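Notes for the one structure printed next.
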Amino acid sequence: MKPPGHGWPSCVARRGACAPLAGAAALALALLLPLSRAGDAGRAAGWWRGLDVRDLHGAPLTPGGRWIVVLFLGQECPVSNASVPVLNALSSEFSPRGFAFVGAYVDPTAGLDALQAHARDYAIGFPTADDRAHRLARAAGASYTPEAAVFSADGARLYLGRIDDRVGESGAARPAAAHQELRDVLAALAAGSPGPFTGVTGYGCAIPEDVRP
């Protein structure tokens, strides 16, 4: 990892100190739904279009679905990397139920080629966005990776917080999560609960300030 203050910072627990964590192996999952679907493609267009969200190849990225799940990712953050299999599994489970998943890369010092390689190497199973300018991060209020935000199709933020508690406040990792907040939120929305839901701050790596020209 790069040292704090020089691009990508050290890990933080509740914006605190760093603890090491080994990265997880990649989990390859194919996308189950196209990002834009007939009947849903225009629903997020208004507020989302203003953010000018682009994929890692520069093409406009427009999610469809009743809800949009934005997952803030750091290619050099071990906690973020370890979360990829969990996020892939959530995408596989909930994409058919009206959720559009978007991974947002937020390191402003990274090149697109490095981010593209990371998405391939970790077999990320949902569309990924170039958020190095932090438009999505600011819209969500995100402050670390891996943090999750859930929006309704019309742009209301319904959740901001951790994915689960597999990594605790001290940075120690459990064999398995005892609480799966993001999954619980998605299941509640799919069951008809309108939200919003209270988030819990998790352990991860602080989103670095935008240092790009």
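The values are calculated or read from the model by the stated rules, or taken from the named source; none is laboratory data. The model shown is predicted, which means the values in this text are computed figures rather than measured ones. Here the Cβ positions follow ideal geometry from the backbone for every residue, glycine too, while neighbour counts run over all protein chains shown.
The numbered conditions (1) at pLDDT 95 or above; (2) within 14 Å of the chain's Cα centre (by Cα); (3) aliphatic (A, V, I, L, M) are all true for residue 59 except (2). Against the numbered list (1) modelled with pLDDT under 95; (2) part of a helix (DSSP H, G or I); (3) hydrophobic (A, V, I, L, M, F, W, C), residue 87 comes up short only at (1).
Those residues that are out of contact with any strand residue (DSSP E or B) (no Cβ under 9 Å at 6 or more places or on another chain) and either surrounded by 18 or more Cβ atoms within 10 Å (Cβ to Cβ) or at pLDDT 90 or above (or both), I need them from region 178-213; list them, please. Across region 178-213, the qualifying residues are 180, 183, 184, 187, 188, 191, 192, 193, 208. Does residue 142 meet the test of being touching a strand residue (DSSP E or B) at 6+ places or on another chain (Cβ under 8 Å), in a helix (DSSP H, G or I) and hydrophobic (A, V, I, L, M, F, W, C)? When the stated conditions are applied, residue 142 does not pass them.
Candidates in region 85-135 are the residues that are crowded, with 20+ Cβ neighbours inside 10 Å and charged (D, E, K, R); of these, the one that is nearest to residue 58 (Cα to Cα) is 130.
When only residues in region 138-176 that are among the acidic types (Asp, Glu) and modelled with pLDDT of 90 or more count, which is surrounded by the most Cβ atoms within 10 Å (Cβ to Cβ)? Out of the qualifying residues, it is 147.
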